[in-house]
Amino acid sequence: MRQIRLILAVVLAVLVAVVALQNTGAVETRLLFATVTMPRAVLIFTAASAGFGLGVLTTLFWMRAADKST
């Protein structure tokens, strides 16, 4: 099961990298009160990293909650 998860994670990372590298044009992004101009690839990597990080934190939270209830 671990190998399947690892393979899926690698495939997903490669897909994100391919999509990001195909989108190199500049884009304006509003972050709260500031407007930032950055390449789309940076925006895609940032969004993917934030989603991954939130997924990891959520999983850790659920695992700790399950450990405390048993």
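The values are calculated or read from the model by the stated rules, or taken from the named source; none is laboratory data. Here the structure is a predicted model, which is why all the values come from computation and not from measurement. Note: ideal-geometry Cβ built from the backbone for every residue, glycine included; neighbour counts use all protein chains shown.
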Handout entry: Scope region 30-70; condition among the charged types (D, E, K, R) and within 17 Å of the chain's Cα centre (by Cα); matching residues
Key = Arg40
Exercise for the section: Name the single residue, out of those in region 22-35 being over 23 Å from Ala9 (Cα atoms) and touching a helix residue (DSSP H, G or I) at 6+ places or on another chain (Cβ under 9 Å), that is surrounded by the fewest Cβ atoms within 10 Å (Cβ to Cβ). Expected result: Gly25
Practice task
Look through region 47-70, keep the residues that are over 30 Å from Leu15 (Cα atoms) and in a helix (DSSP H, G or I), and return whichever of them is modelled with the highest pLDDT.
Solution key: Arg64
